[in-house]
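Structure record follows, encoded as structure tokens.
Nothing in this text is a laboratory measurement; each read-out follows from the coordinates by a stated rule. These numbers come from a predicted model, not from an experiment. Every residue, glycine among them, receives a Cβ derived from its backbone with ideal geometry; neighbour counts consider all protein chains shown.
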Amino acid sequence: MNSRMDAHAHHADLGHEHVTPLGVYFGIFGALMALTAITVGVAWVNLGSLNILVALGVALVKASLVVLYFMHLKYSSKLTWIVVASGLFWMMILFGITMADYLTRGWMISPTILH
Amino acid sequence: MEPTIPLFPHQASTVASRVDNLYFFMIAVSAFFALVVTLLVVFFAIKYRRRHDDEVGEPIHGSLALELLWTGIPFVIAMVMFVWGSSVYFALARVPEEALDIYAVGKQWMWKFQHREGQREINELHVPVNTPVRMIITSEDVLHDLYFPSFRVKTDAIPGRYTQVWFNATKTGTYHIFCAEYCGTKHSGMIGWVHVLPEDEYQAWLGGTNTGESLAQQGEKLFTRLACITCHNPNSAGRGPALLGVWGHTVQLANGNTVTADASYVRESILNPTAKIVAGYQPLMPTFQGQVTEEQLLALTEYIKGLAAGQPVPGAATPAAPAAVPAPPQ
Amino acid sequence: MSDAVLTHGAHAPASTRLQHHFDTMAQQKEAVTLGMWVFLVTEIMFFGGMFAAYLIYRMWYYQGFVAASRELDLVLGGINTVVLIGSSLTVALGVHAAQTGKKQQTVNYLLLTGVLGLAFLVIKYFEYSSKFDLHAAHHGASMIRLFPGAGIFEVTGEYAGIASQMRIFMVLYFALTGMHALHMIIGIGILAVITRMAMKGEFTPHWYAPVEIFGLYWHFVDIVWIFLFPLLYLVNRHG
Amino acid sequence: MPSRHYLNHPTGFKSWLLTTDHKRIALLYLFSITAFFFLGGMFALLVRLQLLSPAGALMTADAYNRAFTMHGVIMVFFFLVPSIPATLGNFLVPLMVGAKDLAFPRINLLSWYIYVVGGIFAIGSLIGGGVDTGWTFYTPFSSMSSNSRVLTGAIGVFISGFSSILTGLNFIVTIHRMRAPGLTWFRLPLFIWAHYATSLIMILGTPVIAITILLLAFERVLRVGIFDPKIGGDPVLFQHLFWFYSHPAVYIMVLPGMGVISELIAAFSRKNVFGYSFVAFSSLAIAVIGFLVWGHHMFVAGETPYAALLFSIISYLVAVPSAVKTFNWTATLYKGSISYQTPMLYAFGFIGLFLVGGLTGLFLAAVGLDIHVHDTYFVVAHFHYIMVGGTLMAYLGGIHYWWPKITGKLYPEGWSKLSALIIFLGFNLTFFPQFIVGYLGMPRRYAVYPPEFQVWNVLSTAGATILGVGYLFPMVYLTWSWFKGKPAGDNPWDAKGLEWETTSPPPTFNFDRTPVVTEATHMYGHPEEVKVV
């Protein structure tokens, strides 16, 4: 947790950091390319309202691959995970609660302005 | 105005006393807690004042029971306030079916009121006592807010959109109207008076100031003048959809969606005609953006509203006053 | 970005890379890395505000969004996606090279990243400038000029009725891609500094934090684009 | 006093302008926010003078609109938001965690320069004629209608936001990574917990207002329609995005104040804070729940009844942790050893005023009641009780408490007690009448008003005059004490805390040896008797 407290255990030794094998990087790049092709292809298929979900789902998978492997989140501390999660959580707050207004605009509890 | 120093606003609507009761409850709860905490602080401060320089306080780490108590009690009280506040809000938000509709248009810096019977007022509003009145509000330019402090209600006037607020005035008299959403230079000059009249005086006022034309009739004239009637011929198939009986019903659109024909839809269809094309028609209609004012839009809407099924159609020249509003005695 | 990025000083061993207020290199590195991640969270929220607007208007103005989206150049957008993901790969390889002490490789990968970043911006420039031309819409009979400024934006013909919807899409297009491009430009500036440091041989397997921290930033910019691409270019291409 | 400390070593103008010492940067902030405080205060005085007469005693409506806007913009973005975090926080966070500096000293200096540049834009907009949109910059008035210096002012706000983000980032990393050996999370001073919670809001909320302001500028320059209903935009969306930051920003302003109060009450009761972990977690609860309530600014703005109810109930939830804090502070006094030195007087004042401010917040969270008092003086009174009665009282209390540490000097106790009293009385006279006139229905931002509201407005203006004088006092005697005050000694209050274990003023790197922490915060008396919750 706090590196000042266990400084003795670590000293200045940074040599044990995780080194990702090169193959992983190229593999991830390949996967990202494939997913890009999928997301372009799907746009030509009519899935109704599923289109946006598929597009966002694919983007989310791509972003996760970048974060986990390119940005080494997979090998990072719990705190880093929490930081990333809190970013996503707060963005969901922004979207979700704003939508609480926008999605209910059609529902009226009074006679609408039409009677 | 009044010689005395006012402490409390007039209670001049049915909801005013409900709002005020909640207010008094809140004051009582607040005063109680403020007093308890203040007295404790003063009492402790005196009782445990430092008596010599190297005295220290007694180490007390806390108490789970107390923490739960003073988390729980405020929570319960807060929920009571929430429920009470919400029930008052429902009364404010739920407009009675039989309410009398009056239109309000905010504009830098005046309030324009439009009665369905045709009367127009600026910064003055006449309403009958003991009758639910619904204000349907929009704005020509920026945000405004129509505020009746004596009725305890307000709502924003939003350009491009209709909002509503209702009240049932219980006391005759003259009360303030304020603009409560900052709107520029003469924001504080965007004020007026609402005159609550007994029913007979209100009718007399309606009669005495009647322009002779209801809002729907004005709309009908506009409908002809703007040549809407060339395409929207109510009786026969035209290039545009017939409007007879459309109001309040579901309209099938060309893109497969449906929409309910209400004031917002009518408004959009006039200003941005190709946004929602009715199934089976071509996007031929030109926009009337910039050619009709908010008030003319209201008149047209009112006219189309009157074209409900079974109602007279243009040419018959009958006012389309709703049943809830007695026809002007003329 | 992080302080370590700004640390200069020639050819110093790792221990002198330790700033006065840290106790150990491990502590310094953890602080700098955490700082960058926290900064990226603020970036999420920064773009989040625009994404919220996008979401709402897309819900309201789907028709206009589809029409305007189809006017975007999918080929250029697609190439840019490949270019940017490619640059993410090269920067990751650059970090790997620095981590394993391969000095020349580090420099090469960083330079390659810079080239790809610039390529992205050049393509973006051509995309942008085409939005100032009045031209026939690809997918309709309309004439359009898509830059959303008063007196510039113009839509006539069958799209005229949804012109204001299309304009809102274009506002968001320019706001989102413009902010993204600005991040790229800043990133390339930082990259230039770091590449210079790499050329001077300042990084060792014990101290390469600037490369790593820059990498985090660059990957984030890539991720933003990963979302922008489908949301802007691929609203609906069927039917 | 030590012969060599952060103030006198190194010397020279440049050593201050290029300093990376968190203590010096805190002082740079102190001077600049004090300047903005008095600038904003002058506008407040102009506003109050105008309202002496129903017809407007002083200026035209246009001038008045600019006066209250500049008052709001300056006070919110250039005084309240940076006030405690950037001065006391900057000075104390490293000291309290036993570190030599913040994690990113140069970024800390950068944040001050960003603040100054933002401030120059704000003053630029003022010189150019001012802004007349209200500090809330509501569209479409700000984007389409106002012909004042909206763009310059908005850019100033936009820029200053980044100074806030960088401060928050620095605090978070420092608190996570720079704590002294033995300083576990539950030994941290509550001041640190409060600043941690504040920093969360700074980094998560501020970017949203930055982008919102940017979109507003985009709209104003290019007329693109993103918030303009005439061409398809939604003005209510601006309000959602604006309040997503600006409501939590209220907690940016008050949470650090709560942190200060926790320190003051502990130090002047010589007692650990009652229910430490509840007070600590209530800060986090406020920071998190505070992000979910922004829609209570929009009950009459056209949001749906469903959204209104959601925002109402969550607003009530956020009241609970504030209540918990107040009760714990009160309980801390029990069996304490309470002295009435100036900082403690401010703490008592804070509790009283925060009570009123917080409890009237309950009124506003009730949708049915808020409809009536929304955008009236009731709201004005409420938030001034929180921001001035709360934040400013805590800020002054904190400045007085740590002044001996910052400058190494003592201020005259008699004068400081007198000014604390004047400020408390003046404050109440200024703002209490506004509750009454607000419930009567007087809308805010009115340059002229119906005559029946005059009495309350005259009382309020009288109070503001007293308050204004009250604020000048500390300015004078604190400045005097810096040069002529008696040396304070390292720990004049006999208070606990790492900041009191170093010299006054502290050396450049804070501690001669890295401190090792072995007990919880504010443990007076015999530590073995104490069980930490």
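Between residue C:152 and residue D:184, the C-beta separation translates, for a Förster distance of 41 Å, into a calculated FRET efficiency of about 0.10. The mean of 1/r over all pairs of different alpha-carbon atoms in the stretch A:7-102, once inverted, gives a Kirkwood hydrodynamic radius of 16.5 Å. Under a no-solvent Debye model with one identical scatterer per Cα of chain D, what's log10 I(q)/I(0) at q = 0.08, 0.13 Å⁻¹? Taken in order of the listed q values, log10 I(q)/I(0) reads -0.49, -1.35.
Run the dipole for the protein assembly as shown about the Cα centre, Lys and Arg Cβ at +1, Asp and Glu Cβ at -1, nothing else charged, and hand back the magnitude in debye, nearest 20. List each step's numbers first, then the result.
Working: 69 positive and 66 negative charges, 434 e Å.
Magnitude of the dipole: close to 2080 debye.
Legend: helices of chain D (whole DSSP H runs) are marked when their alpha-carbon atoms reach 30 angstrom or more along the helix axis and their mean Kyte-Doolittle hydropathy is at least 0.0; marked are D:22-50, D:105-127, D:150-177, D:190-222, D:235-269, D:305-333, D:342-365, D:413-440, D:454-484. Give the shape of the stretch D:106-223 as rounded, prolate or oblate, defined through the alpha-carbon gyration tensor: a ≥ b ≥ c are the square roots of its eigenvalues, a/c under 1.5 means rounded, and otherwise the shape is prolate if a/b is larger than b/c and oblate if not. Prolate, because a/c is 1.5 or more and a/b exceeds b/c. Where Lys and Arg each count +1 and Asp and Glu each count -1, what net charge lies around residue C:184 among other residues with Cβ under 11 Å from its Cβ? The answer is 0. Take residue B:200, project a point 7 Å from its Cα along the Cβ direction, then tell me which residues of the stretch B:169-192 have their backbone nitrogen under 20 Å from it. The answer is B:170-174.
Pairs D:405/D:484; D:271/D:484; D:23/D:484; A:78/C:200; B:47/D:405; A:74/C:103: which exceed 23 Å Cα-Cα? Could the numbers behind the result be given before it?
Values: D:405/D:484 15 Å; D:271/D:484 32 Å; D:23/D:484 21 Å; A:78/C:200 35 Å; B:47/D:405 30 Å; A:74/C:103 26 Å.
From the list (D:405/D:484; D:271/D:484; D:23/D:484; A:78/C:200; B:47/D:405; A:74/C:103), the Cα-Cα distance tops 23 Å for D:271/D:484; A:78/C:200; B:47/D:405; A:74/C:103.
Here the extension length gained between residue B:52 and residue B:282 equals 73.5 nm, from 0.36 nm per residue of separation less the Cα-Cα distance. In this calculation the C-beta distance from residue C:186 to residue B:40 is compared with R0 = 56 Å, giving a FRET efficiency of 0.55. Taking a ≥ b ≥ c as the square roots of the eigenvalues of the Cα gyration tensor, an a/c ratio of 1.5 or more together with a/b no larger than b/c marks the protein assembly as shown as oblate. The GluC sites (Glu not before Pro) of the stretch B:96-161 that DSSP puts in a loop, and whose beta carbon has at most 14 other beta carbons within 10 Å, are B:97, B:98. Short to long, the 10 Å bins of the Cα pair-distance histogram for the stretch D:197-269 hold 19, 34, 22, 14, 7, 3, 0 percent of all pairs. Tell me which of B:218, B:242, B:297 sits at the most positive position along the dipole axis of the stretch B:215-306, charges placed on C-beta atoms (Lys, Arg +1; Asp, Glu -1). Of the listed residues, the answer is B:242. Take the convex hull of the alpha carbons in the stretch B:169-235; its mean projected area over all directions comes to 8.5 nm².
Give the Kirkwood hydrodynamic radius (Å, one decimal) of the stretch D:389-478, defined as one over the mean of 1/r across all pairs of different Cα atoms. Can you show the working numbers first?
Details: mean 1/r = 0.0682 Å⁻¹.
Kirkwood radius, the stretch D:389-478: 14.7 Å.
Tell me, how many Å apart are the Cα centres for the stretch D:219-290 and for the stretch D:371-398? Taking the Cα centre of the stretch D:371-398 as reference, the centre of the stretch D:219-290 is 14 Å away. Could you tell me whether the stretch B:215-306 comes out rounded, prolate or oblate from its Cα gyration tensor? Rule is a ≥ b ≥ c as square roots of the eigenvalues, rounded for a/c under 1.5, then prolate if a/b exceeds b/c, otherwise oblate. The shape class here is rounded.
Output the antiparallel fraction of DSSP beta bridges having both residues in the protein assembly as shown, as a percent to the nearest 5. Please report the intermediate quantities before stating the final value.
Working: 41 of 55 bridges.
Around 75 percent of the beta bridges assigned by DSSP in the protein assembly as shown are antiparallel ones.
Near residue B:265: Cβ cut-off under 13 Å, other residues only, Lys/Arg at +1 and Asp/Glu at -1. The net charge is +2.
Farthest toward the positive end of the dipole of chain D, out of D:8, D:18, D:154, is the Cα of D:8, where the dipole comes from beta carbon charges about the Cα centre.
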